[in-house]
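A.B. asks: Take this structure first; my questions come after.
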Amino acid sequence: QVQLVESGGGLVQPGGSLRLSCTASRSIVTMNYMGWYRQAPGKERELVAGITQGGNRNYTDSVKGRFTISRDNAKSTVYLEMNSLKPEDTAVYYCKLVTITFWTFWGQGTQVTVSS
């Protein structure tokens, strides 16, 4: 079992920045994959960014060039740096972890609201 705790969400104006953190209750060194997903009201949950054990990253097209995913193995933490935020980025952001044996765990979510 792995617990994931997200933090860093909040209210920000368009064009602003936020950094989300996801800290795992166990070491993430051998984890297969970690990612950030988001779900806006009335919409399905979608992938925002992911990072593999080997450090390969992928992003959904709408955030490329604005968001950056990174990991700090020593802190068992994955980050999502979000810049140039837009109102359409408003959603609940969830952290996902996939173990080397393909068990999947989710965090509780953190709200990001982009509004003037």
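The values are calculated or read from the model by the stated rules, or taken from the named source; none is laboratory data. Owing to the predicted nature of the structure, the values given are computational and were not obtained by experimental measurement. Methodologically, a virtual Cβ is constructed for each residue, glycine included, from the backbone with ideal geometry; neighbour enumeration extends over all protein chains shown. Only protein heavy atoms, including side chains, enter the accessible area calculation; ligands, DNA and RNA are left aside. Shrake-Rupley method; radii C 1.70, N 1.55, O 1.52, S 1.80 Å.
A.B. asks: Run the accessible area of the stretch 40-116 with a 1.4 Å probe and give the carbon-and-sulfur part as a rounded percent.
C.D. replies: Result for the stretch 40-116: 49 percent of the exposed heavy-atom area is carbon or sulfur.
A.B. asks: Might you tell me the accessible area per residue for the chain, computed with a 1.4 Å probe and given in Å²?
C.D. replies: Heavy-atom SASA per residue in the chain reads 52 Å².
A.B. asks: Here's something else I'd like to know. Each residue of the stretch 21-38 in order: what ³J(HN,Hα) in whole Hz does its phi give by Karplus 6.51 cos²θ - 1.76 cosθ + 1.60, θ = phi - 60°, with x for Gly and Pro?
C.D. replies: 10, 9, 10, 9, 7, 10, 4, 9, 4, 9, 5, 5, 7, 9, x, 10, 10, 9
A.B. asks: Can you give the three extents of the C-alpha atoms in the chain along their principal axes, from longest to shortest, in whole Å?
C.D. replies: That gives 42, 25, 23 Å along the principal axes, largest extent first.
A.B. asks: Cα to Cα, under 24 Å, and not fewer than 8 places away if on the same chain: which lysines meet these conditions relative to Lys86?
C.D. replies: Cross-link targets: Lys43, Lys64, Lys96.
A.B. asks: Calculate the spin-label point distance for Thr60 paired with Gln1, positioning each point 7 Å from the Cα along the beta-carbon direction, and give it in nanometres.
C.D. replies: 3.0 nm
A.B. asks: Just to be sure I understand the model, the point goes 7 Å from the Cα along the line to the Cβ. What's the resulting Gln111 to Gln53 distance in nm?
C.D. replies: About 3.8 nm, to one decimal.
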